[in-house]
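**Student:** Starting off with a structure, shown below.
The values are calculated or read from the model by the stated rules, or taken from the named source; none is laboratory data. Computed from a prediction, not measured in an experiment: that's the story for all the values here. Methodologically, a virtual Cβ is constructed for each residue, glycine included, from the backbone with ideal geometry; neighbour enumeration extends over all protein chains shown.
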Amino acid sequence: MADESFHLTPLDIRRYDFGSALRGYDRARVDQFREQVAAEVERLTKQVQSLEGRAQGFHEQLRAFRERDKAINEALISAQQLRAETREQAEREAQLIVREARAEGERLVAQSRAEVSRIEGELESLQRQRRAYLLQLRSMIERQLAEVEAAETMSPSIPRSTPEAPAAAGAAPAWLDSLDKD
């Protein structure tokens, strides 16, 4: 702050000898002024040192604030990048989950359709078996009915009210023969 080529300290002022001359300045007043100047220079020197110390402290604080500001900005940028990366990752995971869920849903739908087709096939098969059974049963009943009618017409002497009459006559009913044929 001060000119580097000329340094004047309060001690230099106090020790400076002006020399003596005839009709020169009043020595007491010069010494008094020299003491006042030295005291003022000393006060100003202390004030400058104090201000330089404070300025140094302010420079250190400013440097620390700048470092903190830089660190905060870097942390902010890192947080923004992390947020963007996290969002992208979450979106990718969500898309993957949706794809997996769709694939699973399609698989379950296909499996359900196959199961429905299988059950419908079994149902159709059971309905065919039922129809075939009913046709066989109808056919057997009709044959037996025809045999009963034929037996009634062949032996008029057997009363109709006794169901044991054909067995009592010694003849096996015809419907037993039809069972052997099936």
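**Student:** Could you please give the count of residues in region 5-32 that are in contact (Cβ under 8 Å) with a residue 12 or more places away in the chain and basic (Lys, Arg)?
**Tutor:** Of the residues in that region, 1 qualify.
**Student:** Is there a residue in region 47-61 that is at pLDDT 90 or above and of a type in the set (Ser, Thr, Tyr)?
**Tutor:** Yes, that holds for at least one residue.
**Student:** Still on this structure, I have one more. From the list Arg34, Arg29, Arg87, Arg63, which residue is loosely packed, with under 10 Cβ neighbours inside 10 Å and not aliphatic (A, V, I, L, M)?
**Tutor:** Arg29
**Student:** Which condition does Leu96 not pass, out of (1) within 26 Å of Thr9 (Cβ to Cβ); (2) in a helix (DSSP H, G or I), if it passes all the others?
**Tutor:** Of the numbered conditions (1) within 26 Å of Thr9 (Cβ to Cβ); (2) in a helix (DSSP H, G or I), the odd one out for Leu96 is (1).
**Student:** Looking at Ala55, Ala64, Ala21, Ala38, which is the one that is of a type outside the set (Val, Ile, Thr) and not in a helix (DSSP H, G or I)?
**Tutor:** Residue meeting the stated conditions: Ala21.
**Student:** Now a separate question. For the condition surrounded by 10 or more Cβ atoms within 10 Å (Cβ to Cβ) and modelled with pLDDT of 95 or more, what is the one hit in Ala94, Ala146?
**Tutor:** Ala94
**Student:** So Glu164 fits all but one of (1) surrounded by 10 or more Cβ atoms within 10 Å (Cβ to Cβ); (2) at pLDDT below 55; what number is the exception?
**Tutor:** (1)
**Student:** Could we say that Val48 is in contact (Cβ under 8 Å) with a residue 40 or more places away in the chain and either in a loop (DSSP other than H, G, I, E, B) or among the β-branched types (Val, Ile, Thr) (or both) here?
**Tutor:** It is true that Val48 is in contact (Cβ under 8 Å) with a residue 40 or more places away in the chain and either in a loop (DSSP other than H, G, I, E, B) or among the β-branched types (Val, Ile, Thr) (or both).
**Student:** Only residues that are in a loop (DSSP other than H, G, I, E, B) and either at pLDDT below 70 or among the basic types (Lys, Arg) (or both): list them for region 1-18, please. Before you say what the answer is, go through the steps one by one.
**Tutor:** So the first thing to find is which residues in region 1-18 are in a loop (DSSP other than H, G, I, E, B), and the list is 1-9, 16-18.
Correct list: Met1, Ala2, Asp3, Glu4, Ser5, Phe6.
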